[in-house]
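Scroll down for the structure; my scribbles are underneath it.
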Amino acid sequence: MKFLKEIIILLILFVTGCNTKFLDLAPGVSLDEDKVFADPVLAAQFADNAYSYVLDDYLYFDGHRGSPAQASDEALAADQIGHVRTLNQGLFHDHSNLGSLNDIGGMWTQSYSGIRVVNKTLARMDEVVWTSAQHPQRIKGEMFYLRAYFYFELVKRFGGVIIIDKAYNPTDDIDFPRSSFEECVSFILADIAQAESLLSHEYDDANYGRPTIGAAKALKARLLLYAASPLHNSANNLEKWKSAAQAAQHVIDMGRYSLHPNYAELLSPPGNGISDEYILIKSRGPRPWSGMFSDRIVSPGSGGTQGVFSPTQNHVDLYEMANGLPISDPQSGYDPEQPYTNRDPRFYANILYNDAPWQGRRMQMWNGGNDYREGNAVYTATRYYCKKFWPEVYQTPGQQTAILNFVFYRYAEILLNYAEAQNEAAGPDASVYAAINQIRARAGMPELPQGLSQADMRTRIHNERAIELAFENHRWYDILRWKKGPEIITKPITGMNVERQPDGGFKYTKIVLAAPFQRVFEDYMHLYPIPRNEVQKSKAIEQNPEW
């Protein structure tokens, strides 16, 4: 596989002095691989470089625009519609070659780059004269965890991929075929088992954010949920669902995690920014204005003039009324003339909408208000902004900073994973209700009604995931693994037209957005295409069907 040969060459260059940030070398000083692994400090730093290939922030769909949900019903990139049109029209191949940091070609390259670092570290670990200061057992555990993580990120996008389990030289023939999805799952599970045997339950503050036993177990639970889902379990083998439920139950049984008391604080908890709900996070704060805030999620209502990330009306309509009934239920009390009254409290935590209280004022989503200008692409196209990613204390550009952690796994996801898998394996038993109702209780929502059928419970769980995990890089991949793309993604993408009335009230009218915002999705798109250039360079790699 020529791609991996290129990665090998790049990494050899890397350890011979091209990356002075890693090795802290003076300009012009080279250091070969043998010298790296002759020094335990440099060897540990080399291992840490694998983390540079981990996805550790939100809105990464193509590296600098939009979100991983921009092709689903969750949100869209309002000011980059020309760029994301390739995805909206189903032209994933074109998107896979647009730059190096997108969710298709970029993820293929990035993941195998990380795998290469891991394999080289594992291959040479035993020859390093380690000291206790480097914690070699932990390093080895981290490498097995990271390799499992990278392969999971690949298989959830592409299905079966090429398994590279050791370090190769540039002259080696490594033009390997893809393994099956099932073979990849077995390989990942073996790495997770190794990681669990080597990692610890927790680390000191200096090493907070490194994977723990809990993180390895959480990755296993997520992996097995994907393996049990319709995309990879067309025969609906109930044993796969049972294994997924058991994996999630093992995390629950650890007793180390609990739901944070305030849903609205999940990504930016007060105090030290840490929560007992976190299983593994990247602590990203305090953040300055530049970067993610200024480039991706800034809204006019939040001190800037870029409506980059816009929740859709499709997503807003998923929030139930406070009484627990969907807005489509005639008994729910939903009033289209007062669409934001008495909704699920998570709606108010996640979404900025017209007339919402915000930073000492009210959001103005009508044409000519502070937060919307018709035809101006720097404002939201849907009349909504994302509150979840914007701590309210962060008001204007300048010296302010804000905490916004990136969550790899949190306890609520584990409860949702368990509920979904157990419902499919055994139906809506008491444990399924208990898992979902914990999450709803934290949100201030009533319990689910008793007597739901398995199909009804499935619908409620799917909706609960959309709300609870909103914008946290789950929804798009959930839709893919459920094989619901044609059902959900092709629905007309809608927004809300807001007209201010002479008496100060508002008229609300749902609208279908312009054609460039609408999406095409066929059944074969539930798996991404292998990047075209990778297939063209290889004699062994087969493309996914119909791509």
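The values are calculated or read from the model by the stated rules, or taken from the named source; none is laboratory data. All figures in this text were calculated on a predicted structure; none of them were measured in a lab. Neighbour counts run over all protein chains shown; Cβ positions are idealised from the backbone, glycine included. Just the protein is used for accessible areas: all its heavy atoms, side chains included, with ligands, DNA and RNA removed. Shrake-Rupley method; radii C 1.70, N 1.55, O 1.52, S 1.80 Å.
Going by the structure shown, is S275 modelled with pLDDT under 95 and in contact with a His (Cβ under 8 Å, 6 or more places away or on another chain)? The answer is yes for S275.
In the range 217-232, the residues that are at pLDDT 95 or above reach residues that are among the aromatic types (F, W, Y) and assigned to a helix (DSSP H, G or I) with C-beta atoms within less than 6 angstrom, at least six apart or across chains, in these pairs: L223/F152; A228/W241; H232/F181.
Does K120 satisfy the condition of being open to solvent by 30 Å² or more (accessible area, probe 1.4 Å) and either farther than 27 Å from D32 by Cα or not aliphatic (A, V, I, L, M) (or both)? So that I can check it myself, show each step before the final result.
Values: open to solvent by 30 Å² or more (accessible area, probe 1.4 Å): no; either farther than 27 Å from D32 by Cα or not aliphatic (A, V, I, L, M) (or both): yes.
Answer is no for this residue.
Among all positions in the range 162-179, there is no residue which is within 25 Å of V251 (Cα to Cα) and surrounded by fewer than 23 Cβ atoms within 10 Å (Cβ to Cβ). The number of residues in the range 524-547 being hydroxyl-bearing (S, T, Y) and over 13 Å from V161 (Cβ atoms) comes to 1. Among the residues of the range 202-235, those that are surrounded by fewer than 15 Cβ atoms within 10 Å (Cβ to Cβ) and not in a loop (DSSP other than H, G, I, E, B) comprise D205, A206, N207. Just one of (1) under 22 Å from the mean Cα position of the chain (by Cα); (2) assigned to a helix (DSSP H, G or I) fails for E196. It is (1). Only residues that are outside any loop (DSSP other than H, G, I, E, B) and open to solvent by less than 60 Å² (accessible area, probe 1.4 Å) were counted in the range 512-547, giving 7. The set of residues in the range 40-70 that are at pLDDT 50 or above, of a type in the set (G, A, S) and either over 25 Å from A148 (Cβ atoms) or open to solvent by less than 10 Å² (accessible area, probe 1.4 Å) (or both) comprises A43, A47, A50.
Scanning the range 455-498 for residues that are open to solvent by 30 Å² or more (accessible area, probe 1.4 Å) and closer than 26 Å to A322 by Cβ yields A455, D456, R458, T459, R460, N463, K491, N497. Every listed requirement among (1) touching a strand residue (DSSP E or B) at 6+ places or on another chain (Cβ under 9 Å); (2) on the phi > 0 side of the Ramachandran plot is met by Y149 save one, (2). The set of residues in the range 314-366 being open to solvent by less than 50 Å² (accessible area, probe 1.4 Å), farther than 27 Å from L452 by Cα, of a type outside the set (G, A, S) and not in a loop (DSSP other than H, G, I, E, B) consists of N350, I351, L352, W358.
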